[in-house]
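First up is the structure itself, then whatever we jot down about it.
The values are calculated or read from the model by the stated rules, or taken from the named source; none is laboratory data. Everything numeric in this text was worked out from a predicted model, so none of it was measured. Cβ: placed from backbone, ideal geometry, glycine included. Neighbour counts: every protein chain shown. What goes into the accessible areas is simple: the full protein's heavy atoms, side chains included, and nothing from ligands, DNA or RNA. Shrake-Rupley method; radii C 1.70, N 1.55, O 1.52, S 1.80 Å.
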Amino acid sequence: MSHQIFSLQPFPSEESLVDLKIAGNISRHNNQLTINYQLVGELAPVEIPSPIDTPARKHELWQDTCFEFFIGIKDSQQYWEFNLSPSRNWNIYRFHGYRQGMQEETAFTSLPFSVENQSDSLELSLNVDLEKIISPEQLIDVAITTVIKQKDGKITYWALVHPGEKADFHIRDSFIIRL
């Protein structure tokens, strides 16, 4: 079992949300991937979609506050993007190379995760079996990211690292957690 604690940083030119912190942990046991995000701080200016009763697969969740992670198979260009909205809507996309061949990953028909929204924190937890897309023997590289949209429309991009000249979660050099 592999377990790591993480802390995300805003893209360097986007320091306006200094009263926020995004941290959490990720683990993989056999092929069960568990990820927990915690957004803490001054949440009043943050646009947080309200949870809905029947979560569904939705496109372009990254246009609003969205928790994301990317999984790449070690020594392969293929990767997946997981999008988790505080509304509990979700999506997973498969790519065959850097921003190439984007397709909805149909191996998953649902992606249940929990969301707890308090006045000073938002917690999101997912436990997913990767068996449908990755074998347990394959090592994976993971990038953990979050898009934060403020009520004034400003968007900031948070990640473990920002290796590009602009915020770009797809850059493989940002997949720095190995599980």
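With (1) touching a Phe, Trp or Tyr at 6+ places or on another chain (Cβ under 8 Å); (2) among the charged types (D, E, K, R); (3) farther than 20 Å from Asp173 by Cβ as the list, and Asp120 as the residue in question, which single condition is left unmet?
Among (1) touching a Phe, Trp or Tyr at 6+ places or on another chain (Cβ under 8 Å); (2) among the charged types (D, E, K, R); (3) farther than 20 Å from Asp173 by Cβ, the lone unmet condition for Asp120 is (1).
Restricting attention to region 59-75, which residues are part of a loop (DSSP other than H, G, I, E, B), modelled with pLDDT of 95 or more and surrounded by fewer than 13 Cβ atoms within 10 Å (Cβ to Cβ)? Walk me through how you get there before you give the answer.
So the first thing to find is which residues in region 59-75 are part of a loop (DSSP other than H, G, I, E, B), and the list is 59-60, 64-65, 74-75.
From what is left, the residues that are modelled with pLDDT of 95 or more are 59-60, 64-65.
If the condition is that a residue be part of a loop (DSSP other than H, G, I, E, B), modelled with pLDDT of 95 or more and surrounded by fewer than 13 Cβ atoms within 10 Å (Cβ to Cβ), then His59, Glu60 are the ones that fit.
Can you name every residue in region 126-147 that is open to solvent by less than 40 Å² (accessible area, probe 1.4 Å) and out of contact with any Lys or Arg (no Cβ under 9 Å at 6 or more places or on another chain)?
Here is the first cut: in region 126-147, the ones open to solvent by less than 40 Å² (accessible area, probe 1.4 Å) are 126, 128, 130, 133-135, 140-147.
Scanning region 126-147 gives Leu126, Val128, Ile134, Ser135, Ile144, Thr145, Thr146, Val147.
Take Gln150 and tell me if it is over 16 Å from the mean Cα position of the chain (by Cα), closer than 22 Å to Pro51 by Cβ, open to solvent by less than 80 Å² (accessible area, probe 1.4 Å) and at pLDDT below 95.
yes
Confirm whether Ala143 is in a strand (DSSP E or B), among the aliphatic types (A, V, I, L, M) and touching a helix residue (DSSP H, G or I) at 6+ places or on another chain (Cβ under 9 Å).
yes
Yes or no: Leu43 touching a strand residue (DSSP E or B) at 6+ places or on another chain (Cβ under 7 Å), open to solvent by less than 20 Å² (accessible area, probe 1.4 Å) and in a loop (DSSP other than H, G, I, E, B)?
Against the criterion (touching a strand residue (DSSP E or B) at 6+ places or on another chain (Cβ under 7 Å), open to solvent by less than 20 Å² (accessible area, probe 1.4 Å) and in a loop (DSSP other than H, G, I, E, B)), Leu43 qualifies.
Pull out all pairs, ordered by first then second residue, where Cβ-Cβ is under 7 Å, the residues are six or more apart or on different chains, the first lies in region 93-114 and is of a type in the set (D, E, K, R), and the second is not in a strand (DSSP E or B).
Listed by first residue and then by second, the contacts come to Arg94/Glu105; Arg99/His170; Glu105/Ile133.
Write out, first by first residue and then by second, each pair whose Cβ atoms fall under 7 Å of each other, whose residues are 6+ apart or on separate chains, and whose first residue, in region 7-19, is more than 21 Å from Glu123 (Cα to Cα) and modelled with pLDDT of 65 or more while the second is in a strand (DSSP E or B) and hydroxyl-bearing (Ser, Thr, Tyr).
Phe11/Thr156; Phe11/Tyr157; Glu14/Thr156; Glu14/Tyr157
May I ask you to verify whether Pro51 is surrounded by 15 or more Cβ atoms within 10 Å (Cβ to Cβ) and either more than 19 Å from Lys166 (Cα to Cα) or at pLDDT 95 or above (or both)?
Yes: the conditions hold for Pro51.
Kindly check whether there is at least one residue in region 90-108 that is within 18 Å of Asn25 (Cα to Cα), surrounded by 12 or more Cβ atoms within 10 Å (Cβ to Cβ) and of a type outside the set (Val, Ile, Thr).
Taking every residue of region 90-108 in turn, none turns out to be within 18 Å of Asn25 (Cα to Cα), surrounded by 12 or more Cβ atoms within 10 Å (Cβ to Cβ) and of a type outside the set (Val, Ile, Thr).
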